[in-house]
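Report on one structure; see the data block that follows.
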Amino acid sequence: MKLVTIDNTAQGSAGAVLRSGEILHLGKAAAPGTLEVWLPTSIRAILEAGEPGLALVRQLIDRIESESSSKKDRLREQGALTPASTRLQAPVPNPRLIVAAGLAFKSHLAEMSGTPTPAHPTAFMKSVNSIVGPGAPIHIPAHASGHMDYEGEVAVVFGRTCHRVSAADAMSHVAGYSAANDVSARDWVQAVWGAKVPWEARLTWETNIMGKQFDSFTPLGPVLTTADEIGDVTTLEITTRLNGKVMQHAPLSDLIFPLAETIAYFSNWYTFHPGDVLLTGTPAGVGVGRKPPVFMKAGDVIEVEVSGIGVLRNVLVPSAL
(Lines give C-alpha, C1' and ligand atoms only; values in the text may rest on other atoms or scores of the structure.)
Protein backbone atom coordinates (compact mmCIF):
# COMPACT_ATOMS: atom_id res chain seq x y z
CA MET A 1 0.00 0.00 0.00
CA LYS A 2 0.95 3.58 -0.53
CA LEU A 3 -0.44 5.74 2.26
CA VAL A 4 -0.63 9.54 2.16
CA THR A 5 -1.83 12.49 4.17
CA ILE A 6 -4.11 14.71 2.10
CA ASP A 7 -3.50 18.42 2.62
CA ASN A 8 -7.14 19.46 3.04
CA THR A 9 -7.02 20.66 6.68
CA ALA A 10 -4.31 21.79 9.08
CA GLN A 11 -3.96 18.23 10.38
CA GLY A 12 -4.59 16.59 7.02
CA SER A 13 -6.65 13.48 6.28
CA ALA A 14 -5.56 9.87 5.84
CA GLY A 15 -5.52 8.64 2.26
CA ALA A 16 -4.08 6.04 -0.07
CA VAL A 17 -2.90 5.88 -3.67
CA LEU A 18 -4.88 3.61 -5.97
CA ARG A 19 -3.42 1.70 -8.93
CA SER A 20 -4.72 4.47 -11.21
CA GLY A 21 -2.67 7.03 -9.28
CA GLU A 22 -5.79 8.68 -7.89
CA ILE A 23 -5.91 9.58 -4.20
CA LEU A 24 -8.50 7.87 -2.03
CA HIS A 25 -9.79 9.78 1.01
CA LEU A 26 -10.23 6.93 3.48
CA GLY A 27 -12.79 8.67 5.67
CA LYS A 28 -15.02 9.78 2.81
CA ALA A 29 -14.80 6.38 1.11
CA ALA A 30 -15.72 4.37 4.24
CA ALA A 31 -18.92 2.37 3.81
CA PRO A 32 -21.59 3.38 6.37
CA GLY A 33 -22.49 0.69 8.87
CA THR A 34 -19.16 -1.15 8.48
CA LEU A 35 -15.91 -1.25 10.41
CA GLU A 36 -14.45 1.10 7.79
CA VAL A 37 -16.06 4.07 9.56
CA TRP A 38 -13.93 3.17 12.61
CA LEU A 39 -10.72 4.04 10.79
CA PRO A 40 -8.74 6.85 12.44
CA THR A 41 -8.43 10.09 10.50
CA SER A 42 -4.61 10.26 10.50
CA ILE A 43 -1.89 7.92 9.24
CA ARG A 44 -0.13 8.02 12.60
CA ALA A 45 -3.31 6.94 14.39
CA ILE A 46 -3.81 4.13 11.86
CA LEU A 47 -0.27 2.91 12.56
CA GLU A 48 -0.96 3.15 16.29
CA ALA A 49 -3.91 0.81 15.74
CA GLY A 50 -1.45 -1.85 14.62
CA GLU A 51 -2.02 -4.57 12.05
CA PRO A 52 -5.84 -4.45 12.45
CA GLY A 53 -5.77 -0.82 11.33
CA LEU A 54 -3.58 -1.53 8.30
CA ALA A 55 -5.66 -4.59 7.43
CA LEU A 56 -8.82 -2.50 7.43
CA VAL A 57 -7.17 0.04 5.12
CA ARG A 58 -6.15 -2.77 2.75
CA GLN A 59 -9.74 -4.07 2.80
CA LEU A 60 -11.12 -0.62 1.98
CA ILE A 61 -8.63 -0.10 -0.86
CA ASP A 62 -9.37 -3.53 -2.35
CA ARG A 63 -13.09 -2.81 -2.22
CA ILE A 64 -12.73 0.51 -4.01
CA GLU A 65 -10.37 -0.95 -6.63
CA SER A 66 -13.06 -3.51 -7.51
CA GLU A 67 -15.92 -1.00 -7.74
CA SER A 68 -17.58 -0.26 -11.07
CA SER A 69 -16.73 2.82 -13.11
CA SER A 70 -20.06 4.41 -12.20
CA LYS A 71 -19.42 3.89 -8.47
CA LYS A 72 -15.98 5.44 -8.80
CA ASP A 73 -17.55 8.39 -10.60
CA ARG A 74 -19.84 8.90 -7.60
CA LEU A 75 -16.82 8.76 -5.28
CA ARG A 76 -15.20 11.48 -7.37
CA GLU A 77 -18.33 13.60 -7.06
CA GLN A 78 -18.23 13.12 -3.27
CA GLY A 79 -14.55 14.11 -3.06
CA ALA A 80 -13.58 10.61 -1.90
CA LEU A 81 -11.51 10.04 -5.03
CA THR A 82 -9.30 12.88 -6.25
CA PRO A 83 -6.60 13.31 -8.92
CA ALA A 84 -2.99 12.20 -8.53
CA SER A 85 -2.11 15.91 -8.40
CA THR A 86 -3.97 16.31 -5.08
CA ARG A 87 -1.82 18.31 -2.68
CA LEU A 88 -0.26 16.20 0.08
CA GLN A 89 1.40 16.75 3.42
CA ALA A 90 4.20 14.54 4.68
CA PRO A 91 2.85 10.97 5.01
CA VAL A 92 3.19 11.28 8.80
CA PRO A 93 3.28 15.04 9.43
CA ASN A 94 3.33 14.70 13.22
CA PRO A 95 5.80 12.06 14.44
CA ARG A 96 6.90 12.26 18.04
CA LEU A 97 10.53 11.65 17.14
CA ILE A 98 12.91 12.01 14.20
CA VAL A 99 16.35 10.41 14.46
CA ALA A 100 18.74 11.01 11.56
CA ALA A 101 21.67 8.71 10.93
CA GLY A 102 24.94 10.31 9.87
CA LEU A 103 28.15 8.97 8.33
CA ALA A 104 26.05 6.05 7.15
CA PHE A 105 27.01 5.41 3.51
CA LYS A 106 30.40 4.10 2.39
CA SER A 107 30.39 6.39 -0.65
CA HIS A 108 29.65 9.48 1.46
CA LEU A 109 32.60 8.79 3.76
CA ALA A 110 34.84 8.32 0.73
CA GLU A 111 33.94 11.76 -0.66
CA MET A 112 34.47 13.46 2.72
CA SER A 113 38.23 12.84 2.72
CA GLY A 114 39.71 12.09 6.10
CA THR A 115 36.44 10.97 7.69
CA PRO A 116 37.03 7.64 9.46
CA THR A 117 34.53 4.79 9.34
CA PRO A 118 32.56 4.88 12.61
CA ALA A 119 32.70 1.88 14.92
CA HIS A 120 28.92 1.96 15.33
CA PRO A 121 25.96 3.85 13.80
CA THR A 122 25.88 7.56 14.60
CA ALA A 123 22.89 9.90 14.62
CA PHE A 124 21.35 13.16 15.77
CA MET A 125 17.78 14.25 16.41
CA LYS A 126 15.84 16.60 14.17
CA SER A 127 13.06 18.96 15.13
CA VAL A 128 9.58 17.74 14.17
CA ASN A 129 8.88 21.37 13.23
CA SER A 130 11.27 20.90 10.30
CA ILE A 131 8.88 18.52 8.50
CA VAL A 132 7.13 19.59 5.31
CA GLY A 133 5.47 17.60 2.57
CA PRO A 134 5.98 17.18 -1.16
CA GLY A 135 5.60 20.40 -3.09
CA ALA A 136 6.05 22.55 0.01
CA PRO A 137 8.68 25.31 -0.15
CA ILE A 138 12.03 24.97 1.59
CA HIS A 139 12.67 28.31 3.26
CA ILE A 140 16.21 29.69 3.09
CA PRO A 141 17.06 31.36 6.44
CA ALA A 142 18.14 34.95 5.95
CA HIS A 143 21.05 34.52 8.39
CA ALA A 144 22.22 31.19 6.90
CA SER A 145 21.68 31.49 3.19
CA GLY A 146 25.05 30.84 1.62
CA HIS A 147 25.53 27.11 1.97
CA MET A 148 22.19 25.37 1.49
CA ASP A 149 22.81 21.66 0.92
CA TYR A 150 20.67 18.65 0.06
CA GLU A 151 20.86 15.10 1.44
CA GLY A 152 18.60 12.59 -0.27
CA GLU A 153 17.65 9.77 2.09
CA VAL A 154 15.31 6.87 2.74
CA ALA A 155 13.06 7.39 5.76
CA VAL A 156 12.00 4.46 7.92
CA VAL A 157 8.56 4.86 9.51
CA PHE A 158 7.85 2.70 12.53
CA GLY A 159 4.64 0.75 12.95
CA ARG A 160 5.25 -0.83 16.37
CA THR A 161 6.84 0.49 19.55
CA CYS A 162 10.54 -0.25 19.17
CA HIS A 163 12.87 -0.23 22.19
CA ARG A 164 15.78 -2.53 23.08
CA VAL A 165 15.10 -4.81 20.12
CA SER A 166 17.52 -7.25 18.51
CA ALA A 167 18.70 -6.93 14.93
CA ALA A 168 16.85 -10.17 14.17
CA ASP A 169 13.57 -8.59 15.29
CA ALA A 170 14.16 -4.97 14.25
CA MET A 171 12.56 -5.01 10.81
CA SER A 172 9.28 -6.36 12.19
CA HIS A 173 8.81 -2.95 13.83
CA VAL A 174 8.94 -1.08 10.51
CA ALA A 175 5.62 -0.04 8.93
CA GLY A 176 7.17 1.24 5.73
CA TYR A 177 9.38 3.72 3.97
CA SER A 178 9.32 7.20 2.48
CA ALA A 179 11.71 9.56 0.72
CA ALA A 180 13.35 12.36 2.70
CA ASN A 181 15.67 15.31 2.29
CA ASP A 182 17.88 16.18 5.26
CA VAL A 183 18.35 19.80 4.20
CA SER A 184 21.42 21.35 5.80
CA ALA A 185 22.65 24.92 6.15
CA ARG A 186 26.41 24.36 6.02
CA ASP A 187 27.32 27.93 6.96
CA TRP A 188 29.18 26.68 10.03
CA VAL A 189 30.87 23.58 8.65
CA GLN A 190 34.20 25.30 7.94
CA ALA A 191 34.55 25.97 11.65
CA VAL A 192 34.15 22.22 12.27
CA TRP A 193 36.92 21.35 9.85
CA GLY A 194 39.13 24.10 11.23
CA ALA A 195 38.83 23.05 14.87
CA LYS A 196 42.20 22.42 16.54
CA VAL A 197 41.25 20.85 19.87
CA PRO A 198 38.55 18.30 20.82
CA TRP A 199 36.38 20.74 22.81
CA GLU A 200 36.41 23.26 19.99
CA ALA A 201 35.44 20.50 17.56
CA ARG A 202 32.55 19.43 19.78
CA LEU A 203 31.11 22.95 20.06
CA THR A 204 31.41 23.70 16.35
CA TRP A 205 29.82 20.36 15.42
CA GLU A 206 26.86 21.14 17.68
CA THR A 207 26.27 24.37 15.78
CA ASN A 208 26.58 22.53 12.48
CA ILE A 209 23.85 20.09 13.56
CA MET A 210 21.61 23.04 14.49
CA GLY A 211 21.93 24.06 10.84
CA LYS A 212 19.66 21.10 10.05
CA GLN A 213 16.82 22.14 12.36
CA PHE A 214 15.20 25.06 10.55
CA ASP A 215 11.51 24.91 9.67
CA SER A 216 11.00 23.12 6.31
CA PHE A 217 14.41 21.38 6.50
CA THR A 218 12.96 17.85 6.55
CA PRO A 219 10.77 17.30 3.50
CA LEU A 220 9.11 13.84 3.60
CA GLY A 221 7.00 12.01 1.04
CA PRO A 222 5.27 11.77 -1.23
CA VAL A 223 3.95 8.48 0.19
CA LEU A 224 4.54 5.91 2.89
CA THR A 225 5.05 2.63 1.04
CA THR A 226 4.36 -0.26 3.39
CA ALA A 227 7.16 -2.72 4.08
CA ASP A 228 5.35 -5.68 2.53
CA GLU A 229 5.36 -3.89 -0.83
CA ILE A 230 9.08 -3.08 -0.67
CA GLY A 231 10.42 -6.54 0.15
CA ASP A 232 14.24 -6.45 0.23
CA VAL A 233 14.98 -2.94 1.47
CA THR A 234 18.60 -3.07 0.29
CA THR A 235 17.36 -2.90 -3.30
CA LEU A 236 15.93 0.61 -2.78
CA GLU A 237 17.84 3.24 -4.73
CA ILE A 238 18.18 6.94 -3.92
CA THR A 239 18.48 9.52 -6.70
CA THR A 240 18.78 13.23 -5.91
CA ARG A 241 18.37 15.78 -8.71
CA LEU A 242 19.08 19.51 -8.49
CA ASN A 243 17.30 21.39 -11.28
CA GLY A 244 17.10 18.11 -13.19
CA LYS A 245 20.77 17.18 -12.82
CA VAL A 246 21.56 13.96 -10.96
CA MET A 247 23.68 14.78 -7.90
CA GLN A 248 23.33 11.55 -5.89
CA HIS A 249 22.59 7.97 -6.87
CA ALA A 250 23.15 4.91 -4.71
CA PRO A 251 21.42 1.74 -3.49
CA LEU A 252 20.64 1.26 0.18
CA SER A 253 23.07 -1.68 0.04
CA ASP A 254 25.84 0.96 0.23
CA LEU A 255 25.05 1.47 3.93
CA ILE A 256 27.99 0.76 6.25
CA PHE A 257 25.73 -0.95 8.76
CA PRO A 258 22.72 -3.08 7.76
CA LEU A 259 19.46 -1.30 8.47
CA ALA A 260 18.36 -3.92 11.00
CA GLU A 261 21.57 -3.40 13.00
CA THR A 262 21.13 0.37 12.86
CA ILE A 263 17.55 0.20 14.17
CA ALA A 264 18.56 -2.22 16.93
CA TYR A 265 21.50 -0.02 17.94
CA PHE A 266 19.50 3.20 18.22
CA SER A 267 16.68 1.39 20.02
CA ASN A 268 19.05 0.97 22.96
CA TRP A 269 18.54 4.69 23.65
CA TYR A 270 15.39 5.79 21.85
CA THR A 271 11.87 4.44 22.10
CA PHE A 272 10.35 4.66 18.63
CA HIS A 273 6.55 4.79 18.58
CA PRO A 274 4.27 4.17 15.58
CA GLY A 275 4.72 7.01 13.13
CA ASP A 276 8.20 7.95 14.34
CA VAL A 277 10.90 8.39 11.71
CA LEU A 278 14.48 7.23 11.26
CA LEU A 279 16.41 8.86 8.42
CA THR A 280 18.96 6.36 7.14
CA GLY A 281 21.72 8.74 6.00
CA THR A 282 22.84 10.04 2.63
CA PRO A 283 25.18 8.72 -0.08
CA ALA A 284 27.96 10.51 -1.96
CA GLY A 285 27.26 13.62 -4.00
CA VAL A 286 26.26 16.19 -1.37
CA GLY A 287 27.01 19.78 -2.30
CA VAL A 288 29.61 20.39 0.38
CA GLY A 289 31.60 17.34 -0.73
CA ARG A 290 31.98 18.52 -4.31
CA LYS A 291 34.94 20.42 -5.73
CA PRO A 292 33.95 23.16 -6.12
CA PRO A 293 31.02 22.94 -3.69
CA VAL A 294 27.50 23.15 -5.09
CA PHE A 295 24.87 24.80 -2.92
CA MET A 296 21.18 25.46 -3.48
CA LYS A 297 19.67 28.90 -3.95
CA ALA A 298 16.25 30.49 -4.25
CA GLY A 299 14.29 29.14 -7.20
CA ASP A 300 16.13 25.83 -7.32
CA VAL A 301 14.13 22.63 -7.58
CA ILE A 302 15.39 19.70 -5.53
CA GLU A 303 14.04 16.19 -6.06
CA VAL A 304 14.69 13.03 -4.07
CA GLU A 305 13.49 9.88 -5.77
CA VAL A 306 13.43 6.51 -4.04
CA SER A 307 12.56 3.45 -6.11
CA GLY A 308 9.23 1.94 -5.08
CA ILE A 309 8.23 5.15 -3.30
CA GLY A 310 8.23 8.06 -5.73
CA VAL A 311 9.62 11.56 -6.17
CA LEU A 312 9.80 14.11 -3.37
CA ARG A 313 9.95 17.52 -5.05
CA ASN A 314 10.47 20.89 -3.33
CA VAL A 315 11.42 24.41 -4.38
CA LEU A 316 13.69 26.76 -2.43
CA VAL A 317 12.37 30.19 -1.51
CA PRO A 318 13.77 33.02 0.62
CA SER A 319 12.49 33.06 4.17
CA ALA A 320 10.58 36.08 5.41
CA LEU A 321 12.40 35.82 8.75
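With touching a Leu at 6+ places or on another chain (Cβ under 7 Å), surrounded by 13 or more Cβ atoms within 10 Å (Cβ to Cβ), assigned by TED's automatic domain parsing to the domain that holds E153 and over 27 Å from S85 (Cβ atoms) as the only criterion, which of F124, F105 stands out?
The match here is F105.
Taking S70 and the conditions (1) more than 23 Å from the chain's Cα centre (by Cα); (2) surrounded by fewer than 12 Cβ atoms within 10 Å (Cβ to Cβ); (3) of a type in the set (S, T, Y); (4) not in a helix (DSSP H, G or I), which numbered condition does it fall short on, given that it satisfies the others?
(4)
State whether the residues of the stretch 81-88 include one that is among the basic types (K, R) and out of contact with any helix residue (DSSP H, G or I) (no Cβ under 7 Å at 6 or more places or on another chain).
Yes, the stretch 81-88 contains at least one residue that is among the basic types (K, R) and out of contact with any helix residue (DSSP H, G or I) (no Cβ under 7 Å at 6 or more places or on another chain).
Restricting the first residue to the stretch 1-26 and requiring it to be assigned by TED's automatic domain parsing to the domain that holds I43, which pairs with a second residue that is assigned to a loop (DSSP other than H, G, I, E, B) and among the charged types (D, E, K, R) meet a Cβ separation below 6 Å and a spacing of at least six or different chains?
D7/R87
Identify all residues within the stretch 139-168 that are closer than 24 Å to L278 by Cβ, surrounded by fewer than 17 Cβ atoms within 10 Å (Cβ to Cβ) and among the aliphatic types (A, V, I, L, M); write none if there are none.
A167, A168 - these are the residues of the stretch 139-168 that are closer than 24 Å to L278 by Cβ, surrounded by fewer than 17 Cβ atoms within 10 Å (Cβ to Cβ) and among the aliphatic types (A, V, I, L, M).
It is to be established whether one or more residues within the stretch 181-203 are in contact with a Leu (Cβ under 8 Å, 6 or more places away or on another chain), crowded, with 20+ Cβ neighbours inside 10 Å, modelled with pLDDT of 95 or more and within 27 Å of I138 (Cβ to Cβ).
Yes: one or more hits.
Being more than 20 Å from D7 (Cα to Cα) and part of a loop (DSSP other than H, G, I, E, B) is the filter here, so list the residues in the stretch 32-67 that pass it.
Hits for the stretch 32-67 are P32, G33, T34, A49, G50, S66, E67.
Would you mind finding the one in G114, G146, G135 that is modelled with pLDDT under 90, at positive phi and assigned by TED's automatic domain parsing to the domain that holds G231?
G114
Answer yes if at least one residue in the stretch 167-175 is in contact with an Asp or Glu (Cβ under 9 Å, 6 or more places away or on another chain) and over 17 Å from M296 (Cα atoms), and no otherwise.
Yes: the stretch 167-175 contains one or more residues that are in contact with an Asp or Glu (Cβ under 9 Å, 6 or more places away or on another chain) and over 17 Å from M296 (Cα atoms).
Among G285, G308, G281, which is the only one that is crowded, with 19+ Cβ neighbours inside 10 Å and within 29 Å of I43 (Cα to Cα)?
G281
The values are calculated or read from the model by the stated rules, or taken from the named source; none is laboratory data. Everything numeric here is computed off the predicted structure, so don't read it as measured data. Cβ atoms come from the backbone with ideal geometry, glycine included; neighbour counts cover every protein chain shown.
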